[in-house]
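K.L.:
Quick one: the structure is below, questions incoming.
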Amino acid sequence: MGKWLFPRRFLMIVASLALAALAPQAGAQDQSYSQYEITPFYGYMAGGEFENPVTNTDRDLDEGNNFGIIFNAAVDQWRHYEVIYSTQSTEIDGTSPIDLDVQYLQIGGTVSNPDAERVIPYFGITVGAARFSPDQSGLDAETKLALTIGAGVKVPITEHIGVRFDARAFVSLLDTDGNIFCVSDNGVGTCAIRTKSDTFLQYHAAVGVVIGF
């Protein structure tokens, strides 16, 4: 039951931020903006489900911290191109846990409320790759197509410094056969993990420091 609490809270956060982005802020003025922004961030990531291919029992990915960096290039005040890198060191639970590094490299963009001034809501979509790297002998890393959908707010503190709060869903597209982290030994193929569906979902909530220039 508890594993569903984070996705529900995530959806509530995204919905609230999306509504805030559509609501104009009274008294907002035209303002200058940075052409480029770099945002190192630190967050909390949850979600991700696998199966044991032998017993058909669930093997979930442990929740934990993630960190990374976001690079933005402004098209104009309310539209930005965006590159996101995120990494998480976690573990696939079970009787024989598997240490796993999950990395995302994404390219896309954001749109924000052009009338916002003190608190700037935004919505963004990216597409790129997810890399799953198990720390176990004989298991190779897997790279998959992935995308993200997110929303958040930026809070300017000075002309070139601010704080960014980001809530985001990470969606990786997996092979239709459902097997992952497979190895062949003397002509016999075995797979450590089976996916539960053709999509792998994770969610994060993060805070970062925006540096503009």
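K.L.:
For region 78-87, give me each residue that is in contact (Cβ under 8 Å) with a residue 60 or more places away in the chain and of a type outside the set (A, V, I, L, M, F, W, C). Talk me through it step by step, then tell me what you get.
P.N.:
The first filter runs over region 78-87 and keeps only residues in contact (Cβ under 8 Å) with a residue 60 or more places away in the chain, leaving 84, 86.
Result: S86, single match.
K.L.:
Among the residues of region 113-131, which ones are of a type outside the set (A, V, I, L, M) and at pLDDT below 95?
P.N.:
Listed by number, the residues that qualify are N113, P114, D115, E117, R118.
K.L.:
Being touching an Asp or Glu at 6+ places or on another chain (Cβ under 9 Å) and not basic (K, R) is the filter here, so list the residues in region 161-178 that pass it.
P.N.:
G162, L173, L174, D175, T176, G178
K.L.:
In addition: Would you mind finding the one in S89, S96 that is at negative phi, under 17 Å from the mean Cα position of the chain (by Cα) and of a type outside the set (A, V, I, L, M, F, W, C)? Quick ask: steps written out before the conclusion?
P.N.:
Working: S96 fails: under 17 Å from the mean Cα position of the chain (by Cα).
Testing whether each residue is at negative phi, under 17 Å from the mean Cα position of the chain (by Cα) and of a type outside the set (A, V, I, L, M, F, W, C) leaves just S89.
K.L.:
Considering only region 28-55, state which residues are among the polar types (S, T, N, Q) and touching a residue at least 40 places away in the same chain (Cβ under 8 Å).
P.N.:
Q29, Q31, S32, S34, Q35, T39, N52
The values are calculated or read from the model by the stated rules, or taken from the named source; none is laboratory data. Since the model is a prediction, treat every value here as computed from it, not as a measurement. No Cβ is skipped: glycine too gets one built from the backbone with ideal geometry, and neighbour counts run over all protein chains shown.
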